[in-house]
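Asker: Before I ask anything, here is the structure I am working with.
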Amino acid sequence: MKIYDWHIAPNPRRLHIYVAEKGLNIPLVEVGTDKLTLSDEYKAKYPHAMVPMLELDDGTCIGEAMAIARYLEALYPDPPLFGTDPKDRAIVDMWEKRVNEEGMLAASELFRNTAPTFADRGLPGSAEPIPQIPELTKRALERMNRFFNKFDGQLADKPFVAGERYTVADITTLCAIDFGKWTDLDIPEDCKNLRRWYDDVSARPSAKV
Ligand SMILES: N[C@@H](CCC(=O)N[C@@H](CS)C(=O)NCC(=O)O)C(=O)O
């Protein structure tokens, strides 16, 4: 199997960190171009036109960072990054989905509606130009602010987002916060729990890949 990658991009990073935490070695195929687009060959091969994507040896293409991670989790269960029993798995899933919707997609909305290099790319994966909507910027900032505060509260009495163990919920939270930095947005000063957690997870070797 191999992973189609755009190394600088935030969603592929979720998978890089996951793979590093697992200690796996899966070949990467870079499909990002110097124009900050995905290559034409890749888009022809995979019309969903987003990364990451895992291609199996039988040719099956699996997209969505967390769908790929779940597949790998089934093959390589240790260390567990999706929870350890039914209740724990549901809690990890709940927080990972929350951070994706409330953090990752908000950071994406902010970036895609402000970055000059993405002027006609308001949404990922579209063959047609999608103009930016500047009015969405204000809402995206409000979403990010809610996300920072909610996750700061969640981390008040826990070492990790979903509880006592490092999981995929931490991976997506780290990627969402670092994606926010692309638009110069940082964790607010008063979100002390989130800042403490951010320093801890950023120091893990997996965060550097
Ligand atoms: N929900 C998808 C999101 C994938 C996504 O948005 N990927 C971006 C890179 S971060 C992409 O492929 N962008 C292509 C583009 O900008 O045309 C996932 O979780 O993998």
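Throughout, read-outs are computed from the coordinates displayed, never taken from laboratory work. Since the structure is predicted, the reported quantities are computational estimates derived from the model, not experimental observations. In this analysis, Cβ positions are derived from the backbone assuming ideal geometry, glycine residues included, and neighbour counts consider all displayed protein chains.
Asker: Place a label point 7 angstrom from the Cα of Lys43 along the Cα-to-Cβ direction, then list the residues of the stretch 1-36 whose backbone nitrogen is under 15 Å away.
Answerer: Hits in the stretch 1-36 for Lys43 at 15 Å: 31-36.
Asker: Which FRET efficiency value, to the nearest 0.05, do you get for Lys87 and Asp120 by plugging their Cβ-Cβ distance into 1/(1 + (r/R0)^6) with R0 = 45 Å?
Answerer: 0.50
Asker: Between beta-carbons, use under 12 Å as the cut-off and find the net charge around Ala20, counting Lys and Arg +1, Asp and Glu -1.
Answerer: Taking every other residue near Ala20 into account, the sum is +4.
Asker: Which of Thr84, Thr172 has the fewest other C-beta atoms within 10 Å, and how do the rest follow up to the most?
Answerer: By the 10 Å Cβ count, ascending: Thr84, Thr172.
Asker: So, one more: Sort the following peptides by mean Cβ neighbour count (other Cβ atoms within 10 Å, averaged over residues), highest first: 105-114, 20-29.
Answerer: Ranked from most to least packed, the peptides come out as 105-114, 20-29.
Asker: Suppose every Lys and Arg Cβ carries +1 and every Asp and Glu Cβ carries -1, with no other charges. What dipole size does the chain come out with about its Cα centre, to the nearest 20 debye?
Answerer: In total the dipole reaches around 280 debye.
Asker: Separate question: Given only helices, namely DSSP H runs of n ≥ 4 each adding -39500 (n - 2.57), what is the per-residue ellipticity at 222 nm of the chain, to the nearest 500 deg cm²/dmol?
Answerer: Result for the chain: -14000 deg cm²/dmol, rounded to the nearest 500.
Asker: When the Debye formula is applied to the Cα atoms of the stretch 1-44, each taken as the same point scatterer, what base-10 log of I(q)/I(0) results at q = 0.17, 0.24 Å⁻¹?
Answerer: Summing over Cα pairs of the stretch 1-44 leads to -0.49, -0.85.
Asker: Another question, if that's okay. Taking Rh as the Kirkwood radius computed over C-alpha pairs, what is the Stokes-Einstein D of the chain at 37 °C in a medium of viscosity 0.692 mPa s, expressed in µm² per second?
Answerer: Diffusion coefficient, whole number: 185 µm²/s.
Asker: Right, another one. Please work out the FRET efficiency for the pair Ala67 and Arg146, using the Cβ-Cβ distance as r and a Förster radius of 25 Å; give the result to the nearest 0.05.
Answerer: Once the sixth-power term is evaluated, E becomes 0.45.
Asker: Along the Cα-to-C-beta direction of Met94, a point sits 7 Å from the Cα; which residues of the stretch 129-156 have their amide N less than 14 Å from that point?
Answerer: Counting only backbone N, you get 154-155.
Asker: Quote the relative contact order of the chain in percent (integer), defining contacts as alpha-carbon pairs under 8 Å separated by 6+ residues.
Answerer: 22
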